[in-house]
Amino acid sequence: MFRVNERNLQKVFTRRAFILACGKLGLISTLAARLYYLQVVEGERYQLLSLNNQFNSEIILPVRGRIFDRHGVALADNQHIFQLEIVRERTKDVSATLSALSSIIDITERDIRRILEDVKCNHAFTPVIIAKNLTRKEIDRVAVNAPYLPGVSINVNYLRYYPFADIAVHIIGYVSTVSEEELTGDPVLGLPNFRIGKSGLEKMHESEIRGTAGRRQVEVNALGRVIRKLPVDDGKAGCDIKLTLDINLQRFAAERLARGNAKLLLINDPRAQRALKQAEPTIRDYYMDQKTVLVSSNGKAVEAESGAVVVIDVRNGALLVLASLPGYDPNRFNSGWSHKEWKKISNNPRGLLNNKAVSGQYPPGSTFKMLVMLAALESGKATMDTKFYCPGYLSLGNNRFHCWLHYGHGWIDMEQSIAQSCDVYYYDLANKIGIDCIANTAKSFGLGKVTGLDLPGESAGLIPTRDWKLATTGEPWHIGDTLVSGIGQGFDLATPLQLALMTARLANGGKAIVPYIKISSIANRPIEDMGINQNHLNLVCMAMYQSINSPLGTGRKIKGGKNDIKIAGKTGTAQVRRISMLEQQSASHHHENNKPWLYRDHSLFVGFVPVKAPRYAISVVVEHGTGGSYVAAPIAADVLREVMRVDCVDSAD
Amino acid sequence: MNQSNLTISRKLLSLNWFIVFLVAVISGIGCLMLYSAANGSWFPWAYSHVIRFSIGMTLMLSIAVVDIRFWMRNAYLLYMIILFFLLVVSLMGEIAMGAQRWIKFSLFHFQPSEFMKICLILALSRYFNGLTYEEIGKKLKLIIPLLMVGIPVFLVLKEPDLGTALIMIAESATIFFLAGVRIWKFFVLIVTAMLSFPLSWHFLREYQQKRILTFLNPDKNESSSGYHILQSKIALGSGGIFGKGFLRGSQSHLNFLPAKQTDFIFTMLAEEFGIFGGTCLIGLYTLILAYGFFVAIRSSSQFGRLVALGVTTTLFLYLFINIAMTVGLIPVVGVPLPMLSYGGTAMLTIMIGLGLLLGVSVHRCVRISSYWY
């Protein structure tokens, strides 16, 4: 009985023990299989996750390269901003430290409450910002008292700063926060405070100026506390850029252009107050927060002129001035524009955002006549002695093409045709040599195509040809087209930069210089000679000299005194729209000032100094500034005088 | 041959020293891992681990040479004593880690639920040793052992300690199974348990519910409850084949791994020594399990057989639950890895158990009549 029971039990036990053992073995195999899955099959994925856990990569922001003018004056600079931070674990009592701090710098009760709240929410080792944008004085005070301010540290940040604000904004451009479309996967771009160039040189040379971000790998624990800093890649600071620009000249030119023929008065001047009272409400709005007022000769307050001034070195194409008005303050992008402000800026009829010097296209008007003259001389179809009779108009079929001088110039020769800017003479001359000849010459002087300036946004302008007209309008070329082309009207368009380049190439003896604004380490290209008869060029330059210095010259008003510098140049008045015959006859269009601003003529001037050995060429375009001799010429004269004054000072150094 | 008359020295000689050696090796590995867990320091864990191991080893060897009839005779007494302590704990024990598991003595924390696992094996084995195969088939005869399991499980669950309760239920079920309780009764039990699960869900503590929920969907809440499982899986997975090297487990050393010196020590091992180290350790444990199986088969008494496989199963349960938890196969339950995890009582429990196992082996020829008593 005992034996049987014992055997039964043992049999059951053994059988079931085997089942149990198999079960355990199965479960243990499951564990092994799971380990295989996690560590071998999925191993790489988890290795990545583990590395993500272990290392925090910190990006060291590169210092943005600065932009200088030719004298080393910073146009785009990096300003330090100081920021105070507090780290909880480095002080025994946060609120005690803060109250000590509040006796040194200005922090309000509310700030302290906010900081204490922040400190509570963050890890003990996370810095919390106490104050941003501290002044040097405040920083000094904090630094001196540092022993009594445990846990407080000073942090330096960089802010892009443009000392000349709106003076060269269209060239320099501005930086702003990175937009969604600009993200390229570069982690630097994803940082909340990182800024990149959005226009002008800041955008064009972004890769050069930005530098390369450094990287600091930091080993962190589960709480995010830094355990150890690993070898650092410091990155590379951005390269500085040096420009051919003379910022003081640029500022002079911009301010002179803005003033036009008006008087600059302080706002509290009684005359200014009177002028403001007489002005329209829009003008009063315009001067709302200004310190100065422009008052025109009739005693009315007027808006600042808009337009462009370009000064170019005729020997090499270096740009000394490339001003476009009006501008805006790029520093405002640091704090950001309000929606309303930005709308006001981008919708401004005067085009704040365009760099008019390179992208504004205007009919060259009479400034184009030199090219027609040169084309005629080069073609051999005319000489200096070629004369035409100007009765004040030219009849072609049923059309009359008018001269600006109502009663006509009478018999006039080539030199005086430039000096007095006779339109009829150039209708005849253009008719004689033909549009192809004019277009070829114009193009070889840089018109009708981009000049190749190292700035973005250049417009090509337009020099019409037979093929162009047929292709664009579907109509054949008429003689009338040739006639208006001869005085730089009709289809002709040129940018202020092209006009300056044209003048420079006339003045430098036909050297095909290319304008540039960035001084680069690469040697300048050899300058090609355009193969133009030097005598012809001299004759054109002489005619331009006469335009200012002969008694009947259209630019005679700007002729200076005996000791003043001599200027050669040419005025131009570009019609914005075709003037109807009725208006022409009634002669009412001469009262340009009575027209709405947008319909007034553009006022142009091109010229060069010194007359004998040309060094600098200028072009001035005053948008809707009316007559060229009236507005643009005096501005150009003042700028050229300043250029020469600076040139003397520079060469004396 | 009557082994009961052997001298102590003869008994020591007949001990299976290979198993003792294995236990020492596993504890040694535990020591290394605790050294690593403290970022390469003997303090605070590795040092205490060595001391506890020494105490455990002495205890294990002492128990092994004691005649198993002594344990049989005193099985109920030991069970009653521990049950008394369990009652004390549930009435006035100190609250620690959200659970009343400890009785604080002046020198060490005494965790009666741990010792209950061993005493339960002894008491059940003794009970079934006294039954014939026919008697086991009678339902009335199962009431007493069910109560013997039920009362401590209830007390442990009240503490609450789900891990220990699970182990106690599982090891008791194994003993019931091995003793010859009819299979259909287990099915009935399993079905009832499954039916009552939705009901018992409400009796689980909130954190226990949460653990089960996070286990079912660990990636959903990365930073809180699912964090432990996920970080453990990352640590394991990133270990690869041969691991990151001793003291180089970034997950553990940078504190991404929770409870790395206790419940998650296996993860740390697998991170630093890879799948190679992990499977080697499992292999070492399997050797001990296999040994337990053969000891049980060869024992000539039902008591010896049941104790041997009961202890083996307990060891298996510890290691399976712990490792399965760290590799994300089951929810997080607070079960340490025997002889590796830092913590005194778990180590003592297993070494006492292994002492009994060795003892059964030494006294395998001692016959114990089922009519004893």
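The values are calculated or read from the model by the stated rules, or taken from the named source; none is laboratory data. Worth saying up front: this structure is predicted, and the values here are computed from it rather than measured. Glycine also receives a Cβ, built like all others from the backbone with ideal geometry; neighbour counts cover every protein chain displayed.
Any chance you could count how many residues in segment A:500-517 are farther than 16 Å from A:N538 by Cβ and in a loop (DSSP other than H, G, I, E, B)? Explain how you work it out, then say what you get.
Going residue by residue through segment A:500-517, those that are farther than 16 Å from A:N538 by Cβ are A:500-502, A:512-517.
Applying the additional criterion that residues be in a loop (DSSP other than H, G, I, E, B) yields A:513-515, A:517.
Of the residues in that region, 4 qualify.
For the condition outside any helix (DSSP H, G or I) and either modelled with pLDDT of 90 or more or touching a Lys or Arg at 6+ places or on another chain (Cβ under 9 Å) (or both), what is the one hit in B:I368, B:I288, B:I297, B:I352?
Details: B:I288 fails: outside any helix (DSSP H, G or I); B:I297 fails: outside any helix (DSSP H, G or I); B:I352 fails: outside any helix (DSSP H, G or I).
Of the residues listed, the single one that is outside any helix (DSSP H, G or I) and either modelled with pLDDT of 90 or more or touching a Lys or Arg at 6+ places or on another chain (Cβ under 9 Å) (or both) is B:I368.
From the residues in segment A:85-121 that are over 43 Å from the mean Cα position of the chain (by Cα) and not in a helix (DSSP H, G or I), which one is surrounded by the most Cβ atoms within 10 Å (Cβ to Cβ)?
A:T91
Only one of (1) in contact (Cβ under 8 Å) with a residue 12 or more places away in the chain; (2) surrounded by fewer than 20 Cβ atoms within 10 Å (Cβ to Cβ) fails for A:Q273. Which number is that?
(1)
Working only within segment A:122-140, note down all residues that are assigned to a helix (DSSP H, G or I) and surrounded by 16 or more Cβ atoms within 10 Å (Cβ to Cβ).
Passing the criteria: A:E138, A:I139.
Conditions tested, residue by residue: (1) within 9 Å of chain B (Cβ to nearest Cβ); (2) surrounded by fewer than 15 Cβ atoms within 10 Å (Cβ to Cβ); (3) part of a helix (DSSP H, G or I); (4) of a type in the set (K, R).
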{"position": "A:A33", "(1), (2), (3), (4)": "no, yes, yes, no"}
{"position": "A:Y36", "(1), (2), (3), (4)": "yes, no, yes, no"}
{"position": "A:Q39", "(1), (2), (3), (4)": "yes, no, yes, no"}
{"position": "A:R45", "(1), (2), (3), (4)": "yes, yes, yes, yes"}
{"position": "A:G65", "(1), (2), (3), (4)": "no, no, no, no"}
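Of all residues being within 10 Å of chain A (Cβ to nearest Cβ) and in a helix (DSSP H, G or I) in segment B:177-189, which is surrounded by the fewest Cβ atoms within 10 Å (Cβ to Cβ)? Just the residue, please.
Across segment B:177-189, the extreme among qualifying residues is B:I183.
Exactly one condition in (1) surrounded by fewer than 24 Cβ atoms within 10 Å (Cβ to Cβ); (2) aliphatic (A, V, I, L, M); (3) closer than 26 Å to A:A632 by Cβ is false for A:I487; which is it?
Exception for A:I487: condition (1).
Return the residue satisfying two criteria in turn: it lies in segment A:7-29 and is more than 7 Å from chain B (Cβ to nearest Cβ) and not basic (K, R), and of such residues it is farthest from the chain's Cα centre (by Cα).
Of the residues in segment A:7-29, the ones more than 7 Å from chain B (Cβ to nearest Cβ) are A:7, A:10-11, A:15, A:18-19, A:22-23, A:25-26, A:29.
Still in the running and not basic (K, R): A:10, A:18-19, A:22-23, A:25-26, A:29.
On the way: A:Q10: 98, A:F18: 88, A:I19: 86, A:C22: 82, A:G23: 80, A:L25: 77, A:G26: 76, A:S29: 72 Å.
Restricting to residues being more than 7 Å from chain B (Cβ to nearest Cβ) and not basic (K, R), the top hit is A:Q10.
Find the residue count for segment B:73-97, including only residues that are in contact with a helix residue (DSSP H, G or I) (Cβ under 7 Å, 6 or more places away or on another chain) and modelled with pLDDT under 90. It would help to see each step written out before you state the result.
The first filter runs over segment B:73-97 and keeps only residues in contact with a helix residue (DSSP H, G or I) (Cβ under 7 Å, 6 or more places away or on another chain), leaving B:75-76, B:78-79, B:82-83, B:85-87, B:89-90.
Right, trim to modelled with pLDDT under 90 and you get B:85-87, B:89-90.
Looking only at that region, the number is 5.
Just wondering, is there one or more residues in segment B:337-348 that are out of contact with any Lys or Arg (no Cβ under 7 Å at 6 or more places or on another chain), touching a residue at least 60 places away in the same chain (Cβ under 8 Å) and within 14 Å of another protein chain (Cβ to nearest Cβ)?
Checking segment B:337-348: at least one residue is out of contact with any Lys or Arg (no Cβ under 7 Å at 6 or more places or on another chain), touching a residue at least 60 places away in the same chain (Cβ under 8 Å) and within 14 Å of another protein chain (Cβ to nearest Cβ).
Matching residues to (1) under 26 Å from B:D263 (Cβ atoms); (2) of a type in the set (F, W, Y):
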position: B:V25; (1), (2): yes, no
position: B:Y35; (1), (2): yes, yes
position: B:A46; (1), (2): yes, no
position: B:V65; (1), (2): no, no
position: B:W71; (1), (2): no, yes
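I'm checking my understanding of the structure. Among residues of segment B:274-293 that are over 12 Å from B:F18 (Cβ atoms) and more than 7 Å from every other protein chain (Cβ to nearest Cβ), which one is farthest from the chain's Cα centre (by Cα)?
Start the filter on segment B:274-293 by keeping residues that are over 12 Å from B:F18 (Cβ atoms), which leaves B:274-283, B:285-286, B:289, B:292-293.
Then keep just the ones that are more than 7 Å from every other protein chain (Cβ to nearest Cβ); that gives B:276-277, B:280-281, B:283, B:285, B:292.
Working: B:F276: 24, B:G277: 22, B:C280: 20, B:L281: 16, B:G283: 17, B:Y285: 12, B:G292: 14 Å.
Selected residue: B:F276.
For segment B:232-265, what are the residues that are part of a helix (DSSP H, G or I), more than 10 Å from chain A (Cβ to nearest Cβ) and among the small types (G, A, S)?
Our first condition is that a residue be part of a helix (DSSP H, G or I); within segment B:232-265, this holds for B:232-239, B:250-253, B:265.
Imposing the further condition that a residue be more than 10 Å from chain A (Cβ to nearest Cβ) reduces the set to B:252, B:265.
The answer is B:S252, and nothing else.
Give just the number: which of (1) more than 28 Å from B:E114 (Cα to Cα); (2) buried (at least 20 other Cβ atoms within 10 Å of the Cβ); (3) at pLDDT 80 or above does B:R248 not satisfy?
With respect to (1) more than 28 Å from B:E114 (Cα to Cα); (2) buried (at least 20 other Cβ atoms within 10 Å of the Cβ); (3) at pLDDT 80 or above, B:R248 is out only on (2).
Among the residues that make up segment B:197-208, is at least one of them at pLDDT below 75, away from every other protein chain (no Cβ under 11 Å), under 16 Å from A:L49 (Cβ atoms) and part of a helix (DSSP H, G or I)?
The answer is no; no qualifying residue exists.
Between A:D413, A:D467, which is touching a Lys or Arg at 6+ places or on another chain (Cβ under 6 Å), of a type in the set (D, E) and in the same structural domain as A:G555 (by TED's automatic domain parsing)?
Values: A:D467 fails: touching a Lys or Arg at 6+ places or on another chain (Cβ under 6 Å).
Every option except A:D413 fails the conditions.
Considering each of A:L325, A:L243 in turn, give the residue that is buried (at least 24 other Cβ atoms within 10 Å of the Cβ), touching a helix residue (DSSP H, G or I) at 6+ places or on another chain (Cβ under 6 Å) and either small (G, A, S) or in contact (Cβ under 8 Å) with a residue 12 or more places away in the chain (or both).
Numbers: A:L243 fails: touching a helix residue (DSSP H, G or I) at 6+ places or on another chain (Cβ under 6 Å).
Being buried (at least 24 other Cβ atoms within 10 Å of the Cβ), touching a helix residue (DSSP H, G or I) at 6+ places or on another chain (Cβ under 6 Å) and either small (G, A, S) or in contact (Cβ under 8 Å) with a residue 12 or more places away in the chain (or both) holds for just one of A:L325, A:L243, which is A:L325.
Restricted to segment A:559-579, and to residues that are crowded, with 23+ Cβ neighbours inside 10 Å and farther than 23 Å from A:N508 by Cα, which residue is modelled with the lowest pLDDT? Break it down stepwise before answering.
Residues of segment A:559-579 that are crowded, with 23+ Cβ neighbours inside 10 Å, as a first pass: A:567-574.
Subsequent filtering for residues that are farther than 23 Å from A:N508 by Cα retains A:573-574.
Details: A:T573: 88, A:A574: 85.
Step by step, filter segment A:559-579, then rank; the result is A:A574.
Being out of contact with any strand residue (DSSP E or B) (no Cβ under 7 Å at 6 or more places or on another chain), modelled with pLDDT under 90 and farther than 18 Å from A:D647 by Cα is the requirement here; does A:L230 meet it? Show your work before the answer.
Values: out of contact with any strand residue (DSSP E or B) (no Cβ under 7 Å at 6 or more places or on another chain): no; modelled with pLDDT under 90: yes; farther than 18 Å from A:D647 by Cα: yes.
Answer is no for this residue.
Right, A:A33: of a type in the set (G, A, S) and within 30 Å of A:Y174 (Cα to Cα) or not?
no
Which of the residues that make up segment B:314-330 are more than 13 Å from the chain's Cα centre (by Cα), surrounded by 24 or more Cβ atoms within 10 Å (Cβ to Cβ) and more than 10 Å from chain A (Cβ to nearest Cβ)? Walk me through it before giving the result.
Residues of segment B:314-330 that are more than 13 Å from the chain's Cα centre (by Cα), as a first pass: B:324-330.
Remaining after also requiring surrounded by 24 or more Cβ atoms within 10 Å (Cβ to Cβ): B:325-327.
Result: B:M325, single match.
Which of (1) modelled with pLDDT under 90; (2) part of a helix (DSSP H, G or I); (3) in contact with a Ser or Thr (Cβ under 6 Å, 6 or more places away or on another chain); (4) among the polar types (S, T, N, Q) is the odd one out, the single condition B:T313 does not satisfy?
(1)
Condition check: free of Cβ contacts under 8 Å to residues at least 40 places away in the same chain and in the same structural domain as A:N316 (by TED's automatic domain parsing). Does A:C437 satisfy that?
Considered against the rule, which asks whether it is free of Cβ contacts under 8 Å to residues at least 40 places away in the same chain and in the same structural domain as A:N316 (by TED's automatic domain parsing), A:C437 comes out as no.
From the list B:A165, B:A123, B:A170, which residue is touching a Pro at 6+ places or on another chain (Cβ under 9 Å) and surrounded by fewer than 21 Cβ atoms within 10 Å (Cβ to Cβ)? Write out each step before concluding.
On the way: B:A123 fails: surrounded by fewer than 21 Cβ atoms within 10 Å (Cβ to Cβ); B:A170 fails: touching a Pro at 6+ places or on another chain (Cβ under 9 Å).
The unique qualifying residue is B:A165.
I'd like the residue in segment A:390-428 that is within 40 Å of the chain's Cα centre (by Cα) and assigned to a loop (DSSP other than H, G, I, E, B) and, out of all such residues, is farthest from A:F368 (Cα to Cα).
Restricting to residues being within 40 Å of the chain's Cα centre (by Cα) and assigned to a loop (DSSP other than H, G, I, E, B), the top hit is A:L405.
Restricting to segment A:329-349, name every residue that is under 18 Å from the mean Cα position of the chain (by Cα), part of a loop (DSSP other than H, G, I, E, B) and among the polar types (S, T, N, Q).
Hits for segment A:329-349 are A:N331, A:N347, A:N348.
Got at least one residue in segment B:303-313 being surrounded by 20 or more Cβ atoms within 10 Å (Cβ to Cβ), without any contact (Cβ under 8 Å) to a residue 12 or more places away in the chain and aromatic (F, W, Y)? Can you show your working first?
Here is the first cut: in segment B:303-313, the ones surrounded by 20 or more Cβ atoms within 10 Å (Cβ to Cβ) are B:303-313.
Within this subset, residues satisfying the condition of being without any contact (Cβ under 8 Å) to a residue 12 or more places away in the chain are none.
For segment B:303-313, residues surrounded by 20 or more Cβ atoms within 10 Å (Cβ to Cβ), without any contact (Cβ under 8 Å) to a residue 12 or more places away in the chain and aromatic (F, W, Y): absent.
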